[in-house]
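The values are calculated or read from the model by the stated rules, or taken from the named source; none is laboratory data. Predicted model only: the values in this text are computed from it and were never measured. Glycine gets a Cβ as well: all are built from the backbone with ideal geometry, and neighbour counts include every protein chain shown.
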C-alpha cells in the first residue's frame with residue numbers, strides 16, 4: 001500500500017544521489033563510506049538474528065514457561081523496552097568492564113541492539129501467536145499432540161506469516177539504531193561520515209550520501225520482507 | 001566494590017538538574033511533533049496529487065533514516081546554509097521532525113476513521129473546508145488516537161539521550177562527564193537507565209489509564225452519533 005510513495009521517494013533520492021555524485025571530490029568519500037556501510041550491514045544482520053532468537057525465547061517463556069522463567073522474561077521485556085537503546089549500549093560498553101566482562105565493541109553493539117529489538121519482538125511474537133485461531137489449538141488437543149509439538153508444527157508456522165510485517169518494521173528500527181554504535185567507537189557509516197566531516201568539512205555531500213545509503217538499506221529490507229511475506233502467505237494458503 | 005552509595009548521593013543532584021533538560025527536550029520536541037504530524041497528515045490527505053505525494057515521500061524518507069543522522073544533519077549541515085542553531089534547538093527540531101512523521105501516520109489513521117457522512121454533512125451545511133476540519137473532523141479524529149500519540153511521547157523521551165552526541169548537557173551527557181571525571185561509570189549510567197525505566201513505566205501506566213478512560217467516554221459521547 002505504501003509502495004508507491006516509497007518508490008517515488010527512492011527515485012527522487014536516486015536522482016539526488018546522481019546529482020550529488022557529480023560534485024567534485026565525490027570519489028574520495030565513497031570508498032570510506034562503503035567500508036562503514038559494510039560494518040553497519042554486519043551489525044544489522046547480527047542484531048536481527050539475535051533479536052529473532054531472543055524474541056522467540058522471551059515470548060515462549062512469557063507465555064508457556066514456569067513461573068520464575070515467566071518473571072524473568074517479563075523483566076527482560078520491560079527493562080529493554082523501558083530504557084533507551086543508547087543507555088543500554090553505554091551500559092554494556094562502560095559498565096560491564098567494571099564487573100570484569102570485557103567485550104569488544106562489535107559484540108557489545110550486536111548484543112545491545114539485538115537484546116533491545118528482541119524485547120519489542122517478543123511482544124510481536126506473542127501477539128501473532130495469540131492471533132492464531134483457537135480452533136487450531138483445540139484440533140491439536142483432539143489429535144493428542146503434546147503442546148510443544150502443536151506449537152512447533154501447527155501454531156508457530158501460522159503465526160509466522162502474521163509476524164512478518166511487524167518484524168520488517170523492527171528490522172528497519174534496528175538498522176536505524178545501528179547509527180548509535182558510532183558513539184562507542186565502531187567505525188560504521190555514521191562514524192565514517194563524522195570522521196570525514198571533521199577532516200574535509202564537506203558536510204552537505206557527506207551527510208546527504210549517508211542519508212541516501214540508509215534509505216537504500218531500509219528500502220532493501222522493506223522489499224525483502226514483502227517478498228518473504230508473499231512466499232510465506234502462499235504456503236499457508238495452500239495448507240488451507 | 002561495585003556499587004558506592006556515597007558516590008550515588010554525591011551525583012544525584014547533578015543528574016536531577018540534567019533530567020530537567022531531558023524533560024524540556026522531550027516536551028518541546030513532542031509539541032513540535034504533534035503539530036507537524038497533524039500538518040503532514042492533512043497535507044497527505046490533500047486532493048492535489050503532488051502535495052500528497054511530496055508529503056508521503058517526506059514522511060517515508062524521515063521514517064527510514066536514523067534520527068541520529070538527522071540530528072547531525074540539522075546541527076552540521078544547516079550552518080552551511082547560514083542557519084546556525086544552538087545544539088539544544090537543533091536536537092529538539094530533529095526529534096520533533098522524526099516523531100512528527102511517525103505521528104502523522106497516527107493522525108492519518110484517526111482522520112480516515114471519521115465516517116464519510118461527516119464530510120458529506122459538512123458539505124451539505126455549506127461549511128468551508130477550514131471550518132469542517134477545525135470544528136467537525138479534528139474533534140472526532142484526535143481523541144481516539146491520543147493513546148497512540150502517548151506511546152510516541154514515551155518513545156521520543158527514550159531517544160533524548162541521542163542529544164548527547166551533539167553535546168547537549170542532558171542526562172546521558174552528564175552521566176558520561178561524571179563517569180570520565182571519577183572513572184566510575186557503573187553508578188551514573190545505571191542511575192540514568194533506572195530513571196528512564198521508572199519514567200517510561202509510569203508513563204505507560206498513565207497511557208493505559210487514559211486509554212481505558214477514552215474507551216469508556218468515546219463509546220457514547222453524550223448520546224451523539
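Observations on the model:
- If the condition is being facing chain B (nearest Cβ under 8 Å) and within 21 Å of residue B:3 (Cβ to Cβ), then the stretch A:83-97 contributes A:83, A:87, A:88, A:90, A:91, A:94, A:95.
- Filtered residues of the stretch B:149-181 (kept if over 15 Å from residue B:18 (Cβ atoms) and away from every other protein chain (no Cβ under 12 Å)): B:149, B:150, B:152, B:153
- In the stretch B:33-56, the qualifying residues are those that are buried (at least 21 other Cβ atoms within 10 Å of the Cβ) and over 18 Å from the mean Cα position of the chain (by Cα), and the one that is nearest to residue B:130 (Cα to Cα) is B:44.
- Helices (runs of 4 or more DSSP H) (entirely within the stretch B:1-96) containing at least 3 residues that are away from chain A (no Cβ under 14 Å) and without any contact (Cβ under 8 Å) to a residue 12 or more places away in the chain: B:5-44
- Taken over the stretch B:106-160, the criterion of being under 27 Å from the mean Cα position of the chain (by Cα) and not in a helix (DSSP H, G or I) is satisfied by B:113, B:114.
- Selected residue [buried (at least 18 other Cβ atoms within 10 Å of the Cβ), touching a helix residue (DSSP H, G or I) at 6+ places or on another chain (Cβ under 7 Å) and touching a residue at least 24 places away in the same chain (Cβ under 8 Å)] from B:137, B:189, B:142: B:137
- Selected residue (criterion: nearest to residue B:166 (Cα to Cα)) from residues of the stretch B:6-32 that are over 22 Å from the mean Cα position of the chain (by Cα) and buried (at least 19 other Cβ atoms within 10 Å of the Cβ): B:15
- Residue A:121 vs. criteria touching a residue at least 40 places away in the same chain (Cβ under 8 Å), under 30 Å from residue B:68 (Cβ atoms) and buried (at least 23 other Cβ atoms within 10 Å of the Cβ): yes
- Listed by position, the helices (runs of 4 or more DSSP H) enclosed by the stretch A:98-208 that each have at least 1 residues that are closer than 24 Å to residue B:60 by Cα and within 13 Å of another protein chain (Cβ to nearest Cβ) are A:105-131, A:156-177, A:189-200.
- Pair list, Cβ < 7 Å and 6+ apart or interchain, from the stretch A:60-74 residues that are in contact (Cβ under 8 Å) with a residue 40 or more places away in the chain to residues that are exposed (fewer than 13 other Cβ atoms within 10 Å of the Cβ): none
- Note on the stretch B:183-211: residues that are part of a helix (DSSP H, G or I) and modelled with pLDDT under 85 amount to 1.
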